[in-house]
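Enquirer: Can you keep this structure in mind? I'll have questions shortly.
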Amino acid sequence: MLKQSINTSLNELIDLLSALSNEEYSGPCATLSNASIGEHTRHIIEMFQCLQNNYESQVVNYDKRARNHQIQTDTEFAISQIINVQENIDKADRKMFLQQIIDGDELQIETNYYRELLYNLEHCIHHQALIKVGVIQNCTIVLNENFGVARSTIEYRQQCAQ
């Protein structure tokens, strides 16, 4: 179910990127503090990549992302990176450690692969909500009403409609 939800969110992102020009994708959006849709998309992709790239070492530090400029400027390249994430997400759960440096102090917290996948899904949805604001402001594309909406909110709305 978790991996299915991740694939659903990532497929929604692929659908959006397929409809955007590279100019719409990489141009600054005033409503996003002049960040671009591409920058938010790169952030989503690289968080998943960071987790996948550190699966074997079992230590993930999201601050050590690649920050590949091509992901935020080229929709076709970004789509290929999303597909690669989708193709490599199906791994067994295992103990991992989340590493982060805060105010000069290194923290290392025990976690697991599935917990980090869930974190990345929620993080993805959060950034999709921001992307939605940029799309509404700058593009003529109509998004699915559930784009950037948490799964729990979608389920709640469905219960209320019954």
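Enquirer: Just need a number here: residues in region 39-81 that are surrounded by fewer than 20 Cβ atoms within 10 Å (Cβ to Cβ) and among the acidic types (Asp, Glu).
Expert: 4
Enquirer: In region 82-108, which residue that is free of Cβ contacts under 8 Å to residues at least 40 places away in the same chain and of a type in the set (Asp, Glu) is surrounded by the most Cβ atoms within 10 Å (Cβ to Cβ)?
Expert: Checking each candidate, the answer is Asp93.
Enquirer: State yes or no: is Glu116 closer than 30 Å to Cys29 by Cβ and touching a residue at least 12 places away in the same chain (Cβ under 8 Å)?
Expert: Judged against the criteria, Glu116 is a match.
Enquirer: Can you spot a residue in region 130-151 that is in contact with a His (Cβ under 9 Å, 6 or more places away or on another chain), assigned to a helix (DSSP H, G or I) and among the β-branched types (Val, Ile, Thr)?
Expert: Within region 130-151 (the criterion being in contact with a His (Cβ under 9 Å, 6 or more places away or on another chain), assigned to a helix (DSSP H, G or I) and among the β-branched types (Val, Ile, Thr)), the answer is yes, since at least one residue qualifies.
Enquirer: Looking at Ser33, Ser9, can you tell me which residue is among the hydroxyl-bearing types (Ser, Thr, Tyr), over 30 Å from Glu110 (Cβ atoms) and either surrounded by 18 or more Cβ atoms within 10 Å (Cβ to Cβ) or at pLDDT below 95 (or both)?
Expert: Ser33
Enquirer: Starting from region 41-64, take each residue that is at positive phi and list its partners that are at pLDDT 95 or above and surrounded by 15 or more Cβ atoms within 10 Å (Cβ to Cβ), counting only C-beta distances under 8 angstrom and pairs at least six apart or across chains.
Expert: Close Cβ pairs satisfying both conditions: Gln58/Met96; Gln58/Phe97.
Enquirer: Still on this structure, I have one more. Considering only region 125-152, state which residues are closer than 14 Å to Ile14 by Cα, crowded, with 18+ Cβ neighbours inside 10 Å and polar (S, T, N, Q).
Expert: Gln128
The values are calculated or read from the model by the stated rules, or taken from the named source; none is laboratory data. Every value quoted in this text rests on a predicted model; they were computed, and no experiment measured them. No Cβ is skipped: glycine too gets one built from the backbone with ideal geometry, and neighbour counts run over all protein chains shown.
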